[in-house]
Structure formats: structure tokens, C-alpha cells
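The values are calculated or read from the model by the stated rules, or taken from the named source; none is laboratory data. Keep in mind it's a predicted model, so treat the numbers as computed, not measured. In this analysis, Cβ positions are derived from the backbone assuming ideal geometry, glycine residues included, and neighbour counts consider all displayed protein chains. Side chains included, ligands, DNA and RNA excluded: accessible areas come from the protein's heavy atoms. Shrake-Rupley method; radii C 1.70, N 1.55, O 1.52, S 1.80 Å.
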Amino acid sequence: MPKGKDYDLEKGELEKELDELEPETSDDSIPETSSHTIVPLTKEPDITVAAPCSNSEDAPKVFDRGRGNSRVSHLSRSSGDSQRTVSDAGHDHQIATPHRSRSRAQSSTRSARRLAVKVPKAERRGLFAQLSIIAEISNPYDYTNRMKWTITFIVAIAGAAAPMGSSLILPALADIADTFHVTATVVNLSVALYMLAMSIFPLWWSHFSETLGRRTIYLTSFVLFVIFNALAAVSPDIGMFITMRCLSGGAAASVQAVGAGTIADIWETKERGKAMGIFYLGPLCGPLLSPIIGGALAQGLGWRSGQWFLVIFGACLCIILLFCLPETLRRPNVLAAEAEVEAVAQTKAHDEKSGSTRPGLARSVTAQSVQVKTRKYWAMFRRAFIDPLRIVLYLQFPAVAFSVYYATVTFTSLYILNISIQQTFEKAPYNYSSTIVGLLYFPNSAGYFLSSLFGGRWVDKIMHREAKKAGRYGEDGKLIFRPEDRMKENAWLGAVLWPCAIMTYGWTARYHLSVAGPMIANFFFGVGSMIIFAMVTTMLTEFMPRKASNGVALNNFVRNIFSCVGVIVTSPLIDALGNGWLFTILGVLALVSGFVTIWAMKTFGERWRITMDERMEKAMGE
């Protein structure tokens, strides 16, 4: 990214985009082999390709003003004429006022809609890709909104699996402890190590998704999810139960990293906040419903029935993913080819340095071939299993480090709260059953749901407002969005709301007040914390546009590790300090962290962003 320039999250290659504009045509008229007659993308944009949209602020992208009805006739002209038409239109756009271009665009946007080019079945990517009902297309941005929302909902449902598995057993922890004759702290390990697996496994899921594709990772991980949960359901001892739970959490965690990458694959930045909010409804519906389901199942059929519920849910997801999810990754990394290029370069450099190159000798050629193959296999192994750990190096970039840190504080507080609810309300003076304890997780989950439903649209409006206020228009008339624009009044609201709510919960639970007090506080905790979760996740996909899934995987890695620690220490801390002082300390830490993070991002965010790309390539060895 050049220094001193605004980072246009939506600008693509202008002329390449114009080459892709076609007259509005129904999907039925698009043959699968038509990809040979339409100019494809020759370069993948950093984060999005500027695509026509009906939003008024994107109207300047419609270039043939007043000539919309003659658009078809232009297609029959020679390529030279087409280039001249595009050039004239570009000049037209530059001299038109923004107000006029936006007003005229509303009547001509439809004629400039880009054509979706289907990939032939034989060439579709991913595991059993030919079985997918939804066709893969050459440029995922060209999916209709209906298809985009369909894919988003599928991924959101899959995203519910991992958090559902973590919270389903919360109301039944006491029953599990009785079954295996262990203490509450030992049973909490099944939750803690589940979270740990959710932090580590996405590093490899994210990496493999960039090589094998999104679809293959989804299908593989959920088959494993079904197997491990079935084994957890029949576990004869606590050791096997914790191990299988850990592995099932790692399997389901693929969506936490790959899911956000899928959203970035199909949605442009101007709409991604809303789409990310809807995507998060899945991971938030898991904690919303699973404690209720888990509590009811544990009380009626025993705690093992909850694990069988996860088996059935995972099997249904496998079927949905198999038949309804196309591949959306634009350009996969070819692991073998990249490893071979690296091996050949290393061998050549070594031979030149040692002076041992003797062309013409069969023995020398054979030895060199062996060296190349050896280095190639090592490079493949390193890239597949070791390099994903290098993701932690992204933390050296302040924009990433601050975002991940604040998300970690928020997420750790969430799981400390979850353990506190179970431990506090199953004992005197409340003495609630497993079913009632499960229902007590509803208020904060309802807050997550509400905030996710409306928060994404609110943030999108803030992004557009800030870009318009600053007059940030690109040469093609499109608004230029900046990731740090997401941290406005929404960030301040979230940063104040959830720490105050969690402190209120602590003291109302400490003095055993009416259950209504802690539950109301938990609702506002859900609203405020979800604002932070969605904001940070979306910002990470924009700060690291070429590594969107890696940024989310890093966030999950750090926050789940600390959540694991939080789950383990919560029970002893409540016994030692009580809910009041524990959540007061946590709330003060959260307030300070939130204010510092927002101030730092507003003050230094632009500078960090501008210099980040070039430093990232050097630091990551790319």
C-alpha cells in the first residue's frame, strides 16, 4: 500500500471492472460455458471489487448516462469502439457533479448490472462440488443478493455449532461431576479445553482453507465434529469425555475463521457490516438456545442426550453444506507448486554458493533432483503445519494488537459470566434446576441477538456518513471507507455499556437480589459486548484484506486461550472474592481497555494502516 494515500477498501481495477459490465440478463440465459466469452478477473483485488449497487452513494459507478437503452448495441461493436466508449464515459463521470451523478444513476443502475458467470460443473472446486445446488461462479461478488444471503445464512447456521457445543453442557456440569465422581473444577476443564481447542485449531483450518478451499474445510470439519461428539456421548470416564469434547470443539471451530473469510469473499465492504452482523446471529444463537436445550435434555433424559443432540445437529449441517454451499475462495494457494518453486530456488542458490553445479553430468543432475524433491516435501510440510503458527506475528502490528486485545478482554468476560451464572443460581438461596439455569442464559443471548440484528446496519451507516463527511471519493466516484471509521459512537456505547452491566450483575448476584436484577444487567451486557465483537471482527478483515480469515483466526486464537484460563479460575475466584468484587475488577479493567483502545485507534489508526501492508510482507516473509 503506498504511503500517504487513503486506503480504498472498495476500489478495484477501474478498467477491468468496466470490461466486466454487461447488460442485465436473467440467470437462465447464462450458459455455464459463457466464461470463455467474458473477460474474467485478471487480478484479485485486495478486499473487494467495485461492483454496481443501488445505493445512492455508489451511483457514480454508472458510466453510460443517458445511453442505458443502447447498451446492448454497444456490445456488438469492436473492442476499440468499446474502449473509446469507456474512456468517454469516464470523462463524463469526472465532470459531472456528485449530486447529478447520484440522481441519474438510480434509473440506469439496472442496465449496468454485472453478469454472473457460472463455472462448469466439471471445473467446480471443493469436496464433492458437483453435488452443490448453488453453482460456483467466477467472481463471488456477482452473486445475486438472494444467493449471498442464502450462503450467509448457511455459514451462520454452521457457526452456531462451536458455541453451542461449549454452552450446551453448562446447566449440566453438576450432573456430569456426579456421574464421573469429580469436582466442579475438573468438570470445568471440559469447557476450558473445549475453548482452548477452539483457539488453536482455526489456525490450521484458516491456512488450509486458503489452499484447499472453504467448502472442503467445512465438510471435513463437520464430519469430524459428528464423530467426536458421538464418542463423547459414550465416554466411560472423565478423561475420554474431556478429550473428545476438546477434539469436537476444534473441529467445529473451523467456521470461526473460515466463516468470516466466506463473508469477505462474497460481500463488498459497504455491505459487509450488515452481513457480518447476520453471520454472527449463528454463533450467538448457539449460546442463546443451547443452555435451554441442554438444561431440558439433562433434566429429562440425562446429560448424555445433549451430546447426541450435537451429533444430530452436526449431521444435518453436513447435509446442508454438501448440497447448498459452493466454493467462494477466489484464488487458492497451490501448496505443491509454491513448495516446488521454493525448493528449486533454494537448490539453485545453494549450488551457486558452493560452486558444485556441473551441468552435463548425470550424477550431478540426479543429486540435484533429489535435493529439490527433499526440499519440496519439507517446504510442503512446513507450509502446512508450521507456518500457520506464524500467525501470532501479526500481533506486532499495533492496529491488529489493539483490536485483538480488546476483543479478548470482552470475550473472556463472557465466559467468566457463563460459569458464574451456573455456579451462582444452582446453589442457595436460588437452588434452580438445570432447566431453569439454562433459561438464565437467555437475557444476555437476547442482547447478542438484538445487537447483531441492528448493529451491523448501524455501523454501515456510520461508515458511509464518515466517508461523505470527509469527502472521500475515489477517481471512479466511489466512497472510500476506512476501517477505523467503525469506531465512532457505537464503539463508545459498547465500551461503556457492557462493563457497567457486568459490574451490576456482580453486585446483584452477590447480595442474592431478585433474579430479575442480574438478568436485566446480562441483557445489556449482551448488547454492549456484541457491538465490540462484530466491530473488531469486521475491522480485522479490513486491516488484513489479503488474509481476512487469518486475522479472524488470530483473534479467536488469543481470545479463546484467555477464555480457557478464565473458565478454569472463575470458580475459585468466586469462592475467594465473591461475584461483586470479581466483576468489579473485571469491569474496571474493561472500561480502561476500551477507552485506551478507541483513543489509540482514532489517534494513530490511519498511520498504522498506511504502513501496515509493506511491513506485514517483510515480517511474515511473504
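Observations on the structure shown:
- What the stretch 469-622 shows is 37 Å² of accessible area per residue, with the surface traced by a 1.4 Å probe over protein heavy atoms.
- Euclidean distance between Cα centres, the stretch 463-511 to the stretch 310-325, Å: 35
- Whether the stretch 394-446 is rounded, prolate or oblate, judged on the alpha carbon gyration tensor where a/c under 1.5 counts as rounded: prolate
- Potential extension, Ala428-Asp178 segment - 0.36 nm per residue separation minus Cα distance: 88.2 nm
- Computed E for Tyr473/Asp575 - FRET, C-beta separation, R0 41 angstrom, nearest 0.05: 0.10
- Electrostatic tally near Ser434: other residues with Cβ closer than 15 Å to its Cβ, Lys and Arg +1, Asp and Glu -1, net -1.
- Local net charge near Asp175, Cβ-Cβ under 13 Å (Lys/Arg +1, Asp/Glu -1): -1
- Theoretical gain in end-to-end length, Thr150 to Ile386 [0.36 nm per residue, Cα-Cα removed]: 81.5 nm
- Residue ranges 258-269, 170-181 sort as 258-269, 170-181 when ordered by packing (mean number of other C-beta atoms within 10 Å per residue, highest first).
- Residues Val588 and Val234, FRET efficiency given R0 of 45 Å [Cβ-Cβ distance, rounded to 0.05]: 0.50
- Rounded Å value of the spacing that divides the Cα centres of the stretch 218-262 and the stretch 519-585: 21
- Of Lys148/Lys478; Lys274/Lys461; Lys469/Lys602, those spanning more than 18 Å from alpha-carbon to alpha-carbon: Lys148/Lys478
- Carbon + sulfur, % of accessible area of the stretch 111-200 - ligands and nucleic acids excluded, 1.4 Å: 65
- Between the listed residues Gln299, Phe309, Pro283, the Cα displaced farthest toward the positive end of the dipole of the stretch 206-310, a dipole computed from Cβ unit charges relative to the Cα centre, is found at Gln299.
- If the chain linking Ile133 and Val496 were pulled fully straight, counting 0.36 nm for each residue of separation and taking away their Cα-Cα distance, it would gain 126.1 nm.
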